[in-house]
Every structure is written in C-alpha cells, then in structure tokens.
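First the structure, in the form of structure tokens, and then the observations on it.
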Amino acid sequence: MANSMIPYSFIPGTKAKASEINANFASLAEYIENNKSSATSDIEKVNETLKTKADKTELITEFDVTDADTDLNDYKTKGTYIFKSLYTPENAPKGEAGILIVTGLENSVIKQIWYTDEENPEIYTRNYKDSTWGEWQSYIGKYDLKDVGYLKLQNGLIIQWGMHTIATVVYPIAYSTVAAPVLMKHGYNPGLSRSDSGFTDQSLTGFQFGSSGAFTDLNWIAIGY
C-alpha cells in the first residue's frame, strides 16, 4: 500500500525489489526537502514567541526610587526598590537609605525585606496579612543593645543582661515560661575571711540578690523563654 510520503510498503518476510526501495528513499528525501521551509518557519515562530514571553522589560523588577515622601506601607508589588538618603521612606525600620525587596501575594501574605545601606548592613523583615502590616523584625530578632539590654531571637529565646548596685533587678522584658539568671559580683578584699553572694528570690520578671563582704556592683545575665 502506498501513501503520500512512501509509495511502496512491504510484507514482512518477503524480498523487496531494489527499484521499490530506491523509490521509497527518493520519495522520503523529496518530502523532507519540500517541508524544510515550513519546519524552519515553525521554529522561527516558536523562537519569536519565546522572545516575546521573555521580554527583558517585563523581567526587570528593580526600581531606583526618586520620589519624596514615600511610605513603605504602600509597597505591596513584587520587586526590588532602592532608596537613597535623599528619598528616605516613611516606616523604614532603620537607616536613611536602603534596599527594599517585596514578595508574596496580597490575597495571602506579602513580605518586605529591608537591607540598611551601611558598611555592615542589618536586615529587617515584616509581613502584610489581613490588611495589616506586622512589626519589623531584625534578622536576629528584637533587641536593645544598652548597658542593660536584651536580645530576643526569632525562635523565642531571650537573652538579657545588666549591671546593678541595688538588690532588686527587673528584666527589661519579662519572660513567659522560664528564666535562668547568672550573676557575678564585683568586689574583693583578701582581708575578709568570708564573702558570700547569691539569689534571695527570682521570677519571670527579675530577681533579688544579697551580698556580704566586699561588694562594688553586680554583673548579671539571664537566658530563657
């Protein structure tokens, strides 16, 4: 049986004529030659479509913001936004300049990531959910780095510290589950035969201590949740 591309077909187990085999090859070569231009055209169309879909102007999502009085609360569209000190936005967590990355979807959760423009930049994140922006969180958590301060990691662990000369210490922020304070007194007098220091009471909000003998002040640290 013949078709439009190969004129001769053969029954398995039978001997084909050389002329018929040659005719099949000639017909196949002619078919390929006749359809070459069509195949090339199809490939060109596919390439053009891919170029259109991957248009670079559609993929560029980095913007140099040059508008004054901008507010980061309004940035909910995916992209990277660069803010210079001349155009410091409102509601930035820290710094006069920085880079803002926005990702996510408004009907679920939008996330903002803020990189401060400093030699050792800090990173902050926050989420927009249920029509409300959450608080900015440092990549290491909330913190207050002072003589009496705290560091709250994102896993909930809280480390606090301070120096006191009074007998009652109140933590900068209260623990909710457990607190483990450690203290070290300043003061030493080799002429005293006995010197003692220790906790007299402790809770999730702080502790009390007492000291006998030479005492100047107290360094303390507490870890807990």
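The values are calculated or read from the model by the stated rules, or taken from the named source; none is laboratory data. This structure is a prediction, so every number in the text was calculated from the model and none was measured. Because the Cβ atoms are built from the backbone with ideal geometry, glycine has one as well, and the counts that use them run over all protein chains shown.
Checked against (1) modelled with pLDDT of 85 or more; (2) assigned to a loop (DSSP other than H, G, I, E, B); (3) touching a strand residue (DSSP E or B) at 6+ places or on another chain (Cβ under 7 Å); (4) not aromatic (Phe, Trp, Tyr), residue 147 passes all but a single condition, namely (1).
Taking each residue of segment 96-109 that is exposed (fewer than 12 other Cβ atoms within 10 Å of the Cβ) and looking for partners that are of a type in the set (D, E, K, R) with beta-carbon atoms closer than 6 Å, six or more apart or interchain, yields 106/76.
Taking (1) surrounded by 14 or more Cβ atoms within 10 Å (Cβ to Cβ); (2) charged (D, E, K, R); (3) modelled with pLDDT of 90 or more in turn, residue 90 satisfies each apart from (1). Filter segment 169-187 for residues that are in contact with a Ser or Thr (Cβ under 8 Å, 6 or more places away or on another chain) and of a type in the set (Gly, Ala, Ser); which is farthest from residue 213 (Cα to Cα)? Among those residues, the one meeting the criterion is 174.
The residue of segment 130-142 that is modelled with the highest pLDDT, among those that are surrounded by 14 or more Cβ atoms within 10 Å (Cβ to Cβ) and outside any loop (DSSP other than H, G, I, E, B), is 133.
State the number of residues belonging to segment 80-119 that are assigned to a strand (DSSP E or B) and out of contact with any Phe, Trp or Tyr (no Cβ under 6 Å at 6 or more places or on another chain). Can you show your working first?
Going residue by residue through segment 80-119, those that are assigned to a strand (DSSP E or B) are 80-83, 90, 98-104, 110-116.
Narrowing the set further to residues that are out of contact with any Phe, Trp or Tyr (no Cβ under 6 Å at 6 or more places or on another chain) leaves 80, 82-83, 90, 101, 103-104, 111-113, 115-116.
Looking only at that region, the number is 12.
Which ones in segment 66-87 are over 22 Å from the mean Cα position of the chain (by Cα) and surrounded by fewer than 12 Cβ atoms within 10 Å (Cβ to Cβ)? Listed by number, the residues that qualify are 66, 67, 68, 69, 85, 86. Candidates in segment 143-186 are the residues that are loosely packed, with under 13 Cβ neighbours inside 10 Å and of a type in the set (S, T, N, Q); of these, the one that is farthest from the chain's Cα centre (by Cα) is 165. The single condition among (1) at pLDDT 85 or above; (2) not charged (D, E, K, R); (3) not in a loop (DSSP other than H, G, I, E, B) that residue 34 does not satisfy is (1).
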